[in-house]
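*Asks:* Let me give you the structure first, and then I'll get to my questions.
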Amino acid sequence: MFEQAFKNIDDVLWKEAGCTTELDYTEQTSWLLFLKYLDGLELDRADAAAIEDKKYSFILDKPYRWETWAVPKDKDGKLDHNAALTGDDLRDFVNQKLFPYLHGFKQRAADSNTIEYKIGEIFGEIKNKIQSGYNLREIIDHIDELRFRSQTEKHELSHLYEAKIRNMGNAGRNGGEYYTPRPLIRAMIQVVKPTIGEKVYDGAVGSAGFLCEAFDYMKNKKIHGDLTTAQMKTLHERTFYGKEKKSLAYVIAIMNMILHGIETPNIIHTNTLTENLADIQEKDRVDVILANPPFGGKERNEIQQNFPIRTGETAYLFLQHFIKMLKPGGRAGVVIKNTFLSNTDNASVSLRKLLLESCNLHTILDCPGGTFLGAGVKTVVLFFEKGAPTRKVWYYQLDPGRNMGKTNPLNDDDLIEFVKLQKGCKDSPKSWTLDVKTLDSATFDLSVKNPNGEEVATHRTPQEIIDEIAALDAESAKVLETVRRLL
């Protein structure tokens, strides 16, 4: 229903000098989508108030409502070309009046959980990059074709938006930051099994894929039956929580959750790792954690001071945060680089020891290369429950039987056997069980080879090899340039 409108928007953005990447396309589409959504939300609320013979107080003042500045209509309901801004007038209004007005909501909002505060946060973090007011007019007209009024419309829009996030994630080598493959997320959720009334948390929320998929799982009638009004209210308002450091990901996460039906997402724009572990109280703790924290990053020394195991590796700091954030009996599924299982540095060894002693690390899913497009690293998923030490670890070596890439991504069928066998932690040619008592207590090395099957050789695609050669060439060129300057 709306696919052509999305394609038309991308076609216009492709002509726009201020937008050069898939990230730009998604960002610019997001803020316009948000304002169109907000207009529909306000009209729905006004209609509901009128039915009850009440007056509705609009969030936005009239000059800044979508129907006033973006698409003023004539008496026949068509765009009033005489009243509609375009060209430099439109661009200047957006940059000089609309964005400053919307950013001001952050100071005016009564509470950080309100939609008013979210408006202020979003429009304080992003900029309008559409430099041509004529291109902006064309995009606005396409955005106005979209409707958010029915569940069917929201469902289709959420799928189109997910595809946009996937394209953005696949566009660069840092794609894993923005996009965790949805089949992997869905399998993780089936293992962790969040239930109504539990708090679900992602401290590195990215595009909110984990929270959106958990929401879909928890309201699934086939799994949980028909939910009561009170249960749906709990799901919408007091179930999903997240934190995100990057501005673009924060905006996308909020839009993604809204399109999935969560009107006021509990997403905070902050660097999770600035929080001292000692300051986390019982009231802060959660029942379920689902996350793919960034790895390979380096945090400053003052951030490392917040953690008992000090390391510059971002993912290791997040793992400590997650362990602390879980309630006793809380469950987690966390993606991490597979080198975590075997690295011999002090931080890695200490963190494995902490995890094994404070949690039941019951399952490790070993993912093949190519699971994360553009990331170029192998990963594992750690499934653990807080409160009792680990006695046995069940491993599953995921092998889809093909090289994965953009044309051959991970799919739900690839993970059916894993989910099925995990319920009973059954051994198979791809799975086995480790008794923790057999581990070397000096290293707690968890990189155990599959004793039930042959070692599978992972062959990289030609594109992956070319990308690595190009990266090495660029690095060599930098080194040579440095040497030349010293001569």
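The values are calculated or read from the model by the stated rules, or taken from the named source; none is laboratory data. Please read these numbers as outputs of a predicted model, since none were measured by experiment. Positions of Cβ are generated from backbone atoms using ideal geometry, with glycine treated the same way; all protein chains shown enter the neighbour counts. Side chains included, ligands, DNA and RNA excluded: accessible areas come from the protein's heavy atoms. Shrake-Rupley method; radii C 1.70, N 1.55, O 1.52, S 1.80 Å.
*Asks:* So if each residue of separation counts as 0.36 nm, and I subtract the Cα-Cα distance between Ile268 and Asp53, what length gain in nm does that give?
*Replies:* The span from Ile268 to Asp53 would gain 73.8 nm if fully extended.
*Asks:* Does anything in segment 385-406 have its amide N under 16 Å from the 7 Å Cα→Cβ label point of Thr438, and if so which residues?
*Replies:* 391-397
*Asks:* In whole Å, what are the extents of segment 282-367 along the principal axes defined by its C-alpha atoms, from largest to smallest?
*Replies:* 31, 30, 22
*Asks:* Between Lys392 and Lys222, how high is the FRET efficiency from 1/(1 + (r/R0)^6) when r is the Cβ-Cβ distance and R₀ = 45 Å? Nearest 0.05.
*Replies:* Calculated value: 0.90.
*Asks:* Could you order the peptides 86-95, 297-306, 46-55 from most to least packed, using the average number of other C-beta atoms within 10 Å per residue?
*Replies:* 86-95, 297-306, 46-55
*Asks:* So, by mean Cβ neighbours within 10 angstrom, what's the order for 327-334, 204-211 with the highest one leading?
*Replies:* Averaged packing, sorted descending, gives the order 204-211, 327-334.
*Asks:* Please give the charge dipole size of segment 90-163, origin at the Cα centre, charges +1 on K and R Cβ atoms and -1 on D and E Cβ atoms. Round to the nearest 20 debye.
*Replies:* The calculated dipole for segment 90-163 is roughly 280 debye.
*Asks:* Further question on the same structure: Using a 7 Å offset from the Cα along the Cα-to-Cβ direction at both Asn411 and Asn8, what is the distance between the two label points in nm, to one decimal?
*Replies:* With each label point 7 Å from Cα toward Cβ, the separation is 3.2 nm.
*Asks:* Counting DSSP beta bridges with both partners in the chain, what percentage is antiparallel, nearest 5?
*Replies:* In the chain, approximately 55 percent of DSSP beta bridges are antiparallel ones.
*Asks:* Each label point is 7 Å from the Cα along the Cα-to-Cβ direction; what then is the distance between the points at Ser447 and Arg300, in nm?
*Replies:* Inter-label distance under the simple model: 3.3 nm.
*Asks:* How much of the accessible area of the chain, probe 1.4 Å, is carbon plus sulfur, in whole percent?
*Replies:* Ligands and nucleic acids excluded, carbon and sulfur give 50 percent.
*Asks:* Can you quote the Å³ per residue value for the convex hull of the Cα atoms in the chain, rounded to an integer?
*Replies:* 191 Å³
*Asks:* Using only the heavy atoms of the protein chains and a 1.4 Å probe, how would Ser150, Ser441 rank by accessible area, largest first?
*Replies:* Of Ser150, Ser441, the descending order of accessible area is Ser441, Ser150.
*Asks:* What number in nm² do you get for segment 382-455 if you take the convex hull of its Cα atoms and divide its surface by four?
*Replies:* So the mean shadow area of the Cα hull is 6.6 nm².
*Asks:* Answer with one residue from Leu439, Met188, Gly225: the one whose Cα lies farthest towards the positive end of the charge dipole of the chain, charges on Cβ with Lys, Arg +1 and Asp, Glu -1.
*Replies:* Leu439
*Asks:* Going by Cα centres, segment 51-110 and segment 226-275 are how many Å apart?
*Replies:* 25 Å
*Asks:* Can you name the helices of the chain, as whole DSSP H runs, whose Cα span along the helix axis is 20 Å or more and whose Kyte-Doolittle mean is not below -0.5?
*Replies:* Span-like helices, by this rule, are 22-51, 462-486.
*Asks:* Which whole-number percent is the relative contact order of segment 97-174 (Cα, under 8 Å, 6+ apart)?
*Replies:* 18 percent
*Asks:* With a probe of 1.4 Å, find how much accessible area the chain has per residue, and write the answer as a whole number in Å².
*Replies:* For the chain, the per-residue accessible area is 48 Å².
*Asks:* To continue, here is another question. Straight-line reach from Lys353: which lysines have a Cα under 21 Å away, not including same-chain ones fewer than 8 places off?
*Replies:* Lys353 reaches Lys324, Lys327, Lys337, Lys386, Lys392, Lys437, Lys449.
*Asks:* Additional query: Can you pull the one-decimal nm distance between simple spin-label points at Val349 and Thr195, each 7 Å off the Cα toward Cβ?
*Replies:* Taking the two extended label points, one gets 4.1 nm.
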